[in-house]
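Encoded as structure tokens, the structure appears first; notes follow it.
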Amino acid sequence: MSHRLRGQGVPLGELFSFMSSLYFRGKLAYAAAFSNAPPGIKGAFVITPSGGLVPPDTVITLHRLREISAGNLDPGDVRYSAPLRRDAQLLADRICASCQIILLGSIATRKYVDPLLGVFGAQLMFPREFVGRGDMSRGGLMLRCVASGEQLASIPVLGAVRHGDKPPKLKPLARKTRAHCSDAGSAGTLL
């Protein structure tokens, strides 16, 4: 991946999934499975520190990664908030009033909610099951939903209780057993 990043580039979703593991993989898989965007509008975007909203299939080079990562995820930092609000407004201008924008990032902090709520208002939603869950728990929950085909119920961010008691741990998934190379008859493929 490092070689590709320095050369032709890597899709942003793949890069963030590598860096952020379970949490981002869960968000990306969930968005791919359940987004229902209007025609001509991407169904998922990545919130970046200084590049606004970027579709996860956008190929990013090392130079571009440095550009979009130059700020802090702080609503008070204009390098973060200005591009995010700009892109959110462009999206808001293209969708109808009945469209829901589902925030899969943290709802417990101001970093995503404040800038997006100012643009989307009552259209900004989040999965109710996120309340009280940490990043890894949300990632695991989203991957389980993708596997089961069951979408989480979303509620408006506006006026919602976004902090709560920690819910029970997710039940462990059954482990998949891997065939040993000698059992599989092939020594070159590991999935």
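The values are calculated or read from the model by the stated rules, or taken from the named source; none is laboratory data. Predicted, not measured: the structure shown is a model, and the values here were computed from it. We place every Cβ from the backbone using ideal geometry, glycine too, and count neighbours over all the protein chains shown.
Values for this structure:
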item: Which listed residue is modelled with pLDDT under 75 and hydrophobic (A, V, I, L, M, F, W, C), from Leu173, Leu158, Leu141, Leu116; result: Leu173
item: Residue in segment 119-128 that is modelled with the lowest pLDDT, counting only those that are of a type outside the set (A, V, I, L, M) and surrounded by fewer than 17 Cβ atoms within 10 Å (Cβ to Cβ); result: Arg128
item: Residues being touching a residue at least 60 places away in the same chain (Cβ under 8 Å) and either among the hydroxyl-bearing types (Ser, Thr, Tyr) or surrounded by 21 or more Cβ atoms within 10 Å (Cβ to Cβ) (or both) - total across segment 36-58; result: 1
item: Residues of segment 101-113 that turn out to be at pLDDT below 90, farther than 14 Å from Ala88 by Cβ and not basic (Lys, Arg), as a count; result: 4
item: Given (1) among the aliphatic types (A, V, I, L, M); (2) closer than 29 Å to Glu150 by Cα; (3) modelled with pLDDT of 95 or more, index of the condition Ile47 fails; result: (3)
item: Tally of residues being at negative phi and in contact with an Asp or Glu (Cβ under 7 Å, 6 or more places away or on another chain) across segment 107-132; result: 1
item: Any hit, segment 60-82, residues being at pLDDT 90 or above, under 16 Å from the mean Cα position of the chain (by Cα) and β-branched (Val, Ile, Thr); result: no
item: Meets criteria (of a type in the set (Gly, Ala, Ser), in contact (Cβ under 8 Å) with a residue 60 or more places away in the chain and either surrounded by 14 or more Cβ atoms within 10 Å (Cβ to Cβ) or out of contact with any helix residue (DSSP H, G or I) (no Cβ under 7 Å at 6 or more places or on another chain) (or both)) for Gly76; result: no
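Residues are listed down the side, and each one gets a yes or a no for (1) over 23 Å from Cys145 (Cβ atoms); (2) modelled with pLDDT under 90; (3) in contact with a Leu (Cβ under 8 Å, 6 or more places away or on another chain); (4) among the aromatic types (Phe, Trp, Tyr):
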residue: Arg4; (1), (2), (3), (4): yes, no, no, no
residue: Pro11; (1), (2), (3), (4): no, no, no, no
residue: Ser17; (1), (2), (3), (4): no, yes, yes, no
residue: Leu22; (1), (2), (3), (4): no, yes, yes, no
residue: Leu28; (1), (2), (3), (4): no, no, no, no
residue: Pro39; (1), (2), (3), (4): yes, no, no, no
residue: Lys42; (1), (2), (3), (4): no, no, no, no
residue: Pro55; (1), (2), (3), (4): no, no, yes, no
